[in-house]
Amino acid sequence: METVRTRPRQQVGTAGRLTRRQSVGALVGEADASPLKRTMGVTQLTLLSVGATLGTGIFVVLGQAVPEAGPAIVVSFVLAGVTALFSALSYAELAGMIPGSGSSYSYAYATLGELVAWVCGWCLILEYGVSVAAVAVGWGQYVNELLGLTFGVTLPDSLSAPPGAGGTLNVPAALIVVLAMVVLLRGAKESAVANVIMVGVKIAALVMFCAVAFTAFHAGNFQPLFPLGAAGMSAGAASLFFSYIGFDAASTAGEEARNPQRDLPRAIILSLVLVTALYVLVAVAALGAMPWKQFAGTEATLSEVLVRAVGGGDLWPILLSVGAVVATTSVVLTVQYGQIRILYAMSRDGLVPPLFAKVHPRTGVPRANTVIVSSFIAVLAALVPLGSLADATSIGTLFAFMLVNVAVVILRRRSPDTPRSFRVPFSPVVPVLGVGFCGYLLFSLGADTWIAFGAWMAVGLVVYGCYGIRHSKLATRDLV
């Protein structure tokens, strides 16, 4: 046994360390032996992904994306949805094959090696952590809108906006992150119940919006469909890809699902189909009710549509604002959950400190992990403007999705006989298309976003070089 434990350290050089891989069997074994409690069925898993996805773009980012594309924003939603679908199919295959908590980080570890897995995990930290902060900022905007509609008062900018947006501290954004932390500390089952209720409320709110907005529908608002050309449509799709972040949330719950091999693929695909249909319907209703040039500068966009275009007093805006507050609360809760589980998986592999994998025996929750992550996100939400957060999240997500599609192709060749509860149709064509579509949207993002992403990755490589490469659990195991 001693010889087996020390051999990799004697024989493996730097290049070998960077490319060492987890075996699929080892990942499945770790998931089966997980101390996390298995409490979720397919309904809870589907609504976990819907809760993490639905609301982010429609309630928060739509007002920023419409000026980029004009009425073609409807096509942008479809393009972003198709891009997400290719990756969702790949996620479904890998989630049924490797039902752990690490999502695309674990899939990359089994296929592309430790360095790429670290890069993927670092991207996921950007995707999940920064997107929670972005949605929390949107939550604060809708709370302010609701206060103004119901009580005629709003929070001053100094307490409801970050320094870069004319304020000092975004207190509501930090508050919702802390409240989500309190719910998450109670356990996965309790968090799932709260999410089911909130998802029902926000779907009802969006259906209500469509019913009201279609009463003011003007087909002429879609003429011309492409006022800013195909480039504008592509830019809109790249920004709106932020709206699809979260459909992979079910893949982070693999160790808390009762039947992960069967239910994870179903939950991922069902959630994406439902979310895309609602996004397109709401976008058509919003653009039909209000000319696209009036969207510029709006944050609580759907409420603005009802106030400016529909009229009828404050009733509909109040109801929609309540739905938006609930919707963004659900996104904060579920995406924060996913971030914590990914760090849990990375910690179990030794790439981040063991504190992040310590599970409380009564609640089955990684408590210290939850508090540390939530505190960091709360500070981010309080100090950084929405636009910067949204674009940074999109680039990290698209990069991680590319790796998932590549992982499907590699595992089909390397492990063809490993049981799969779902198989991507027309592979490798569909995964290759997923890589291509993600790459297309990546290069539609601005130079500032790429610079920020490069800086983030540089920091990540320093952390890996100083800690992860030396503490990796694979340093004391046989390599694949």
Normalised contact order of the chain, rounded percent, pairs of Cα under 8 Å and 6 or more residues apart: 34 percent
Between 0 and 90°, nearest 10: helix 2-11 axis offset from the chain longest Cα axis: 70 degrees
Rotationally averaged projected area of the chain (alpha carbon convex hull; nm²): 21.5 nm²
Residues 270, 89 arranged by fewest to most Cβ contacts within 10 Å: 270, 89
Length gained when the stretch residue 376-residue 418 is fully extended (0.36 nm per residue, less Cα-Cα span): 11.2 nm
Restricting segment 240-315 to trypsin sites (Lys or Arg not before Pro) in coil, as DSSP defines it, with at most 12 other Cβ within 10 Å: none
Anchor residue 358: lysines whose Cα lies under 21 Å away (excluding residues fewer than 8 positions away in-chain): 37, 189, 473
Helix axis angle, 171-184 relative to the chain longest principal axis, alpha carbon, degrees: 50 degrees
Residue 43 paired with residue 19, simple spin-label distance in nm, labels 7 Å along Cα-to-beta-carbon: 4.9 nm
Dipole of the chain [Lys/Arg +1, Asp/Glu -1 at C-beta], most positive-end residue of 336, 173, 133: 336
Label-to-label distance, nm, for residues given as residue 473 and residue 262 (7 Å Cα→Cβ offset): 2.8 nm
Crossing angle, helix 447-463 versus the chain [Cα axis fit, 0-90 degrees, rounded to tens]: 30 degrees
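Of all trypsin sites (Lys or Arg not before Pro) in segment 326-400, which ones are in loop regions per DSSP and have a Cβ with at most 12 other Cβ atoms within 10 Å?
Counting only loop positions with at most 12 other Cβ atoms within 10 Å, the trypsin sites (Lys or Arg not before Pro) in segment 326-400 are 362.
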Inter-label distance for residue 230 and residue 204, nm, one decimal - labels placed 7 Å from Cα along Cα-to-Cβ: 4.5 nm
Taking 222, 356 and counting other C-beta atoms within 10 Å, the order from fewest to most: 222, 356
Difference of contour (0.36 nm per residue) and Cα-Cα distance, residue 455 to residue 273: 62.1 nm
For 448, 157, 349, 248, order by how many other beta-carbon atoms lie within 10 Å, fewest first: 448, 157, 349, 248
Förster-model FRET efficiency, 56 Å R0, residue 218 and residue 426, C-beta, rounded to 0.05: 0.85
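Any read-out appearing in this document is the output of simple, stated calculations on the displayed coordinates, not a laboratory observation. The structure displayed is predicted, hence computed values, not measured ones. Cβ atoms come from the backbone with ideal geometry, glycine included; neighbour counts cover every protein chain shown.
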